[in-house]
Amino acid sequence: MLRPLVMFGYSLIFIITILFYSGFLNVILPYYKTIQNLGEISVKWQYLTEHKDDYDAIFLGSSTTYFGVIPKLFDEYLTTEGKSVKSFNFGIAGANVSEVDFYLQKILELEPANLKWIFLDCSVDLFTNIGSTSAQEIYWHTPRKTLENFQLILESSIDSWKVKVPYIYANFQSFIYRWLGIGQLSTFWQEAILNLDLSNSDPLAKVSEDRLIQESGYYAIDWQEKAEKWKTIFRANGLDTYQKNLKNEQTKLANLNSENAFNEPSTIYGAKMMKNIAARIEQQQINKKKMEAIFFIPPILEADSNPSAIYRAYKSGDIDTLFTFNNPNDFTNLYELDRRIDSAHLNYQGAEEFTLLLASQFSQYLNNSGEKLISGKL
């Protein structure tokens with residue numbers, strides 16, 4: 001009886017040792033620090049690394065930033081206002097606040113010589129793609145970031161544990177894959193060995209790398225080959241829900257200001273992350289001047305992204321600057337169907353209008369020497 005227990009103990013020690021050393025080797029290998037095989041993220045990162053001193057401003061966020069902010073147009077508007085700014089869009093499709101912060105830290109480690117402003121579109125409602133073991137999901141799941149995501153899931157407004165548990169499992173799986181270095185082979189394995197077409201899970205997956213760079217990291221949904229199909233699916237299956245949510249939110253905001261409309265108690269950890277992000281940026285100094293964190297909320301409904309954590313951080317004074325465009329009563333045009341590809345994302349026309357509004361608010365901010373802003377108004 002004793003011998004099987006001893007053998008089990010030795011086997012357990014052997015497995016733990018293998019796991020530990022596999023993780024340790026993965027940490028010291030180049031994969032841990034470099035960005036490889038991540039599609040447009042890798043393209044953006046390589047270009048930004050080679051041109052890190054060219055930019056004054058960087059936009060960081062999820063797909064609402066990626067598809068919504070046009071750097072060239074932003075820069076051109078500011079030029080007409082007598083201000084010289086060169087910006088880059090580092091939006092990442094599907095990114096939540098943990099992933100955004102992960103890449104923020106990597107950008108700051110580059111020590112860009114002229115970077116003055118980092119615009120942040122931070123959603124705490126995105127946790128990971130359930131069931132996804134893509135290289136993108138795996139890459140940012142360091143121990144710290146995985147624990148952060150666990151905390152965000154636990155305090156989220158998702159009440160059902162039937163929903164939370166799969167998210168927790170998916171994040172833990174991504175962490176294990178990263179720890180063991182499986183992320184390097186994940187995409188290859190799924191496509192080449194299992195013959196899976198990963199693009200089927202994302203109708204907007206493929207981009208022109210040349211055009212991505214020409215547009216300083218921006219890429220319109222309209223330019224992607226499956227965009228029309230995506231729009232058609234939304235019109236057929238999601239339009240009624242979008243219009244209902246839009247009407248409900250317009251009614252709600254007609255009686256409350258934006259700041260109070262999203263004042264929910266379940267955002268303590270999310271607000272803490274906003275504070276940490278702002279502090280991390282403002283600790284950086286370029287030519288003896290502090291870098292500035294500028295948070296913004298794109299034109300998106302609460303049903304798609306609840307911004308209560310950002311509002312909470314702003315009201316507590318943890319972040320100084322917040323531009324908001326999530327009030328459909330103030331920015332009606334941005335919520336019209338001809339400006340959108342779906343409920344959460346703008347098409348090219350919508351992105352043009354949103355970018356000009358964002359640039360206008362930023363110009364006013366500069367004119368007022370960085371006065372505290374909220375709700376898109378001084």
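The values are calculated or read from the model by the stated rules, or taken from the named source; none is laboratory data. These numbers were taken from a predicted model, which means no experiment stands behind them. Glycine also receives a Cβ, built like all others from the backbone with ideal geometry; neighbour counts cover every protein chain displayed. Ligands, DNA and RNA are excluded from the accessible area calculation, which covers all protein heavy atoms including side chains. Shrake-Rupley method; radii C 1.70, N 1.55, O 1.52, S 1.80 Å.
Results for (1) modelled with pLDDT of 95 or more; (2) of a type in the set (Ser, Thr, Tyr); (3) on the phi < 0 side of the Ramachandran plot; (4) not in a loop (DSSP other than H, G, I, E, B), shown as yes or no for each residue.
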position	(1), (2), (3), (4)
Tyr21	no, yes, yes, yes
Phe24	no, no, yes, yes
Thr34	no, yes, yes, no
Ile41	no, no, yes, yes
Asn89	yes, no, yes, yes
Gly94	no, no, no, no
Ser98	no, yes, yes, yes
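Checking the condition under 18 Å from Arg235 (Cα atoms), within 21 Å of the chain's Cα centre (by Cα) and either of a type in the set (S, T, N, Q) or open to solvent by less than 10 Å² (accessible area, probe 1.4 Å) (or both), which residue from Asn347, Asn327 passes?
Asn347
Is there any pair with a first residue in segment 221-237 that is closer than 16 Å to Ala351 by Cα and in contact (Cβ under 8 Å) with a residue 40 or more places away in the chain and a second that is hydroxyl-bearing (Ser, Thr, Tyr) and surrounded by 13 or more Cβ atoms within 10 Å (Cβ to Cβ) whose Cβ atoms are under 6 Å apart and which are 6 or more apart or on different chains, and what are they?
Correct list of pairs: Asp222/Tyr348.
Can you find even one residue in segment 309-322 that is of a type in the set (Phe, Trp, Tyr) and in a loop (DSSP other than H, G, I, E, B)?
No, every residue in segment 309-322 fails to be of a type in the set (Phe, Trp, Tyr) and in a loop (DSSP other than H, G, I, E, B).
When only residues in segment 156-169 that are open to solvent by less than 70 Å² (accessible area, probe 1.4 Å), hydrophobic (A, V, I, L, M, F, W, C) and at pLDDT below 90 count, which is farthest from Val124 (Cα to Cα)?
Val163
Quick grid of which residues meet (1) touching a residue at least 24 places away in the same chain (Cβ under 8 Å); (2) crowded, with 24+ Cβ neighbours inside 10 Å:
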position	(1), (2)
Lys72	yes, no
Asn114	yes, no
Thr128	yes, yes
Leu147	no, no
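Testing Leu78 on (1) in contact with a Ser or Thr (Cβ under 8 Å, 6 or more places away or on another chain); (2) buried (at least 22 other Cβ atoms within 10 Å of the Cβ); (3) modelled with pLDDT of 95 or more, one condition comes back false. Which one is that?
Looking at each condition in turn, Leu78 falls short on (2).
Being open to solvent by 20 Å² or more (accessible area, probe 1.4 Å), part of a helix (DSSP H, G or I) and in contact (Cβ under 8 Å) with a residue 12 or more places away in the chain, is that true of even one residue in segment 286-304?
no
Of everything in segment 268-285 that's of a type in the set (Gly, Ala, Ser) and either over 27 Å from Tyr335 (Cα atoms) or part of a loop (DSSP other than H, G, I, E, B) (or both), which residue is least open to solvent (accessible area, probe 1.4 Å)?
Among those residues, the one meeting the criterion is Ala278.
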